[in-house]
Amino acid sequence: MKIDEIRRGFERPFWIANISEIFERLSYYAVFSTLALYLNQTLGFSSALSASLSGIFGGAVWVMAIFGGALADRVGFRRALSAAYFILTCAYFMVGSIGAPWLAPVRAVVPLGLLAGVILFLPALGVALVKPSVVGTTARASKENVRSIGYAIYYTMVNIGSTMGPFLAGWLHSRLPPQDVFLIAALSVALMFFVVLIFFREPRARADESSNSLAKTARDFLTVFSNWRFVLFLVIFSGYWIVYWQQYLILPIYIHDYVDPNANTAMILITDPLIVITLTVAMNALTRRIPSFKALTLGTLVTSVGWLLIATKASVLMAILSLVVLALGEIIQSPRYYEYISRLAPPGQQGTYMGFAFLPIGIGSIVGGWFGGTLLQHYGGAGDHPATIWPIVTGAGVVTALFLWIYDRAFKPAA
């Protein structure tokens, strides 16, 4: 395909939306990579509560995204993106201001944990609108002959932002107080608010395009959750994400408390997205002949075993190596997950079921925050055996793989 053909195949809203996605992901992962330590070290929450609150922050995004697409379709992508970036600007500013003097009157009447939980839920309202708006704009503002390239560009932008976020937070680590990371994240999405207002124009809907209403989304929710076999699979596979999200939920606190208090944990967290960006294509080529279910199981086992490395020796190097193995498991299972979901869905309902495929990501973050935080508090703070945490996390992943195997034997979908 010629370069000129690619250039002419995308309208201006495509580029505006996808460039803004870089800044949204950058801000989100800068916040996520810093959040657990900020809650624990700056605000003084226990390790258990810090991990639980971080899990709510990470998980609420994926739960709210169920309804974000329907709302974006209803109000239009320009309004949805503008509202999303405005909400995120306010939300990230509030996260960085939880301990600020101007909020002292609120902290005097509202328990600090409750206040933090409410504020940490706010970014989900914005992020849930961004993803469907950018994906929808990609579909509408790209011609048929280049649409697949458009989605590839979108995923590239997501990965760039996911890598730049921890890098930004790590670069700021020794230069500014932790709370300033959130303020810079707020400035990043505030810039996108004005970019969307000034430069983004609502893309024309395609003639063959249909949109979901909030009522239809609610009906889809009931349809999916009436299929107990599918719900059971989502619950089981949430175990993978419980294991995966520990890199953001407890690893920063673990490194700070038991490895090196001066370690730049945000920079360490760049490991996973870097591996994903550089090795996904090669890994997909190596595993393309593996059936989707076996790839899910293998990826779950690989990610889980990765945590044993840091259990053998508490060092920054072992933390990085653990994240390398974790990322390899991620790129083994991730592309095949959606293939397996499509086979579980009843004929003609693949689209409806795929819309709920990301629920385990949110469940895993929310439950993983409680799970990891409890382990950190019990074996670290109280038990003084912090290395015990990681074999237990690995065990959770192995049990997940076992339940996946049993599930597939009992309810094997047609190939």
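The values are calculated or read from the model by the stated rules, or taken from the named source; none is laboratory data. If you're wondering where the values come from, they're calculated on a predicted model, not measured in any experiment. Here Cβ is always computed from backbone atoms with ideal geometry, including for glycine, and neighbour counts include all displayed protein chains.
Computed quantities for the displayed model
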read-out: Single condition Ser174 does not satisfy, out of (1) surrounded by 18 or more Cβ atoms within 10 Å (Cβ to Cβ); (2) under 30 Å from Ala51 (Cβ atoms); value: (1)
read-out: Condition met for Phe67 (within 28 Å of Gly368 (Cα to Cα) and surrounded by 15 or more Cβ atoms within 10 Å (Cβ to Cβ)); value: yes
read-out: Conditions (1) in a helix (DSSP H, G or I); (2) closer than 23 Å to Thr265 by Cα; (3) more than 12 Å from the chain's Cα centre (by Cα): number failed by Met64; value: (2)
read-out: Some residue of region 51-61 being hydroxyl-bearing (Ser, Thr, Tyr) and crowded, with 24+ Cβ neighbours inside 10 Å; value: yes
read-out: Enumeration of residues in region 151-178 that are among the hydroxyl-bearing types (Ser, Thr, Tyr) and touching a residue at least 60 places away in the same chain (Cβ under 8 Å); value: Tyr154, Ser162, Thr163, Ser174
read-out: Filter result for Trp405 (in a helix (DSSP H, G or I) and crowded, with 20+ Cβ neighbours inside 10 Å); value: no
read-out: Qualifying residue in region 272-279 (condition: within 24 Å of Thr312 (Cβ to Cβ) and either modelled with pLDDT of 95 or more or touching a Gly at 6+ places or on another chain (Cβ under 9 Å) (or both)); value: no
read-out: Matching residues in region 23-81 - criterion: being at positive phi and at pLDDT 90 or above; value: Gly44
read-out: Selected residue (only one of Leu39, Leu43, Leu81 is buried (at least 21 other Cβ atoms within 10 Å of the Cβ), farther than 26 Å from Phe194 by Cβ and not assigned by TED's automatic domain parsing to the domain that holds Ile270); value: Leu39
read-out: Qualifying residue in region 141-157 (condition: outside any helix (DSSP H, G or I) and not small (Gly, Ala, Ser)); value: yes
read-out: Pro105 surrounded by fewer than 22 Cβ atoms within 10 Å (Cβ to Cβ), more than 20 Å from Pro13 (Cβ to Cβ), modelled with pLDDT under 95 and not charged (D, E, K, R); value: yes
read-out: Every pair of residues 6+ apart whose Cβ atoms lie under 9 Å, when the first sits in region 91-111 and is farther than 15 Å from Phe121 by Cβ while the second is part of a loop (DSSP other than H, G, I, E, B) and at pLDDT below 95; value: Gly96/Pro178; Gly99/Leu43; Gly99/Gly44; Leu103/Ser97; Arg107/Ile98; Arg107/Gly99
read-out: Helices (runs of 4 or more DSSP H) (entirely within region 264-378) containing at least 3 residues that are under 27 Å from Ile250 (Cβ atoms); value: 265-268, 271-287, 292-312, 316-344, 359-375
read-out: Every pair of residues 6+ apart whose Cβ atoms lie under 6 Å, when the first sits in region 250-264 and is in the same structural domain as Ala314 (by TED's automatic domain parsing) and closer than 17 Å to Leu172 by Cα while the second is crowded, with 19+ Cβ neighbours inside 10 Å and β-branched (Val, Ile, Thr); value: Pro252/Thr265; Ala263/Ile255
read-out: Lone unmet requirement of (1) of a type in the set (A, V, I, L, M); (2) crowded, with 22+ Cβ neighbours inside 10 Å; (3) outside any helix (DSSP H, G or I) for Val127; value: (3)
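Table: residues versus (1) small (Gly, Ala, Ser); (2) surrounded by fewer than 18 Cβ atoms within 10 Å (Cβ to Cβ).
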{"site": "Arg229", "(1), (2)": "no, yes"}
{"site": "Phe237", "(1), (2)": "no, no"}
{"site": "Gln247", "(1), (2)": "no, no"}
{"site": "Ala263", "(1), (2)": "yes, yes"}
